1. Give me the three principal axis extents of region 50-101 from the C-alpha atoms, as integers in angstrom, largest value leading.
2. Convert each backbone phi in region 61-76 into a coupling constant with the Karplus relation 6.51 cos²θ - 1.76 cosθ + 1.60 (shift: θ = phi - 60°), then list the ³J(HN,Hα) values in order as whole Hz, x for Gly and Pro.
3. Using alpha carbon coordinates only, what is the Rg to Rh ratio of the chain, with Rh defined as the Kirkwood radius?
4. Based solely on its DSSP helices, what 222 nm [θ] is calculated for the chain when runs of n ≥ 4 H residues each add -39,500 (n - 2.57) and the sum is averaged over all residues, nearest 500 deg cm²/dmol?
5. Taking GluC sites (Glu not before Pro) as candidate sites, keep only those in a DSSP loop with at most 16 other Cβ atoms within 10 Å, then name the longest stretch of the chain containing none of them.
6. What are the ³J(HN,Hα) couplings of region 29-38, residue after residue, when phi is run through the Karplus curve with 6.51, -1.76, 1.60 and θ = phi - 60°? Round to Hz, x for glycine and proline.
7. With a cut-off of 8 Å between alpha carbons and a minimum separation of six or more residues, what is the relative contact order of the chain in percent?
Amino acid sequence: MLLAIDFTNLHEILQVLYQDMMPLCEKLTERGISAEVLAEEDAVGGGSVPAQTLPGYAAAVTPRHCRVDELTERLRQRETPVVARIAHERLLLCLRTLRPEEYDELVRAVAESDR
């Protein structure tokens with residue numbers, strides 16, 4: 001099934017995405033991990049549109065106890081892998097495919113991997 005996206009209300013969609021990111025960043029901060037909401041472009045994917053991006057937001061994380069590349073690798077090696085990317089010398093968590101009820105598990109994964 002092909003999902004059609006109506007971009008006429010893109011501003012409202014982006015506002016919701018931003019507001020959804022705030023609780024995640026607050027939870028990371030409560031665990032002593034520096035995190036802020038950062039405007040970013042998410043890759044749509046490969047195939048026929050490899051260079052296509054969608055505007056959005058990411059949680060930009062600065063690890064305390066390890067290098068950002070180490071944190072990225074540790075997250076990928078978890079039993080439930082967390083795939084993130086590195087940009088601006090920070091770990092970027094793009095949450096377009098996560099539900100808010102999954103944020104606690106993500107926060108725990110980041111905190112346990114930042115060692």
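1. Between the extreme Cα coordinates on each principal axis of region 50-101 lie 32, 26, 22 Å.
2. 3J(HN,Hα) across region 61-76, in whole Hz: 10, 10, x, 9, 10, 8, 6, 4, 5, 5, 4, 4, 5, 4, 5, 5.
3. That ratio equals 0.98.
4. -11500 deg cm²/dmol
5. Answer from the scan: 1-78.
6. 4, 4, 8, x, 10, 5, 8, 9, 7, 10
7. Details: 155 pairs, mean separation 27.6, N = 115.
Taking the mean separation of contacting Cα pairs over the length of the chain, I get 24 percent.
No value in this document is a laboratory result; all are computed from the given coordinates. Since the model is a prediction, treat every value here as computed from it, not as a measurement. Cβ coordinates were reconstructed from backbone atoms using ideal geometry, including for glycine residues, and neighbour counts include every protein chain displayed.
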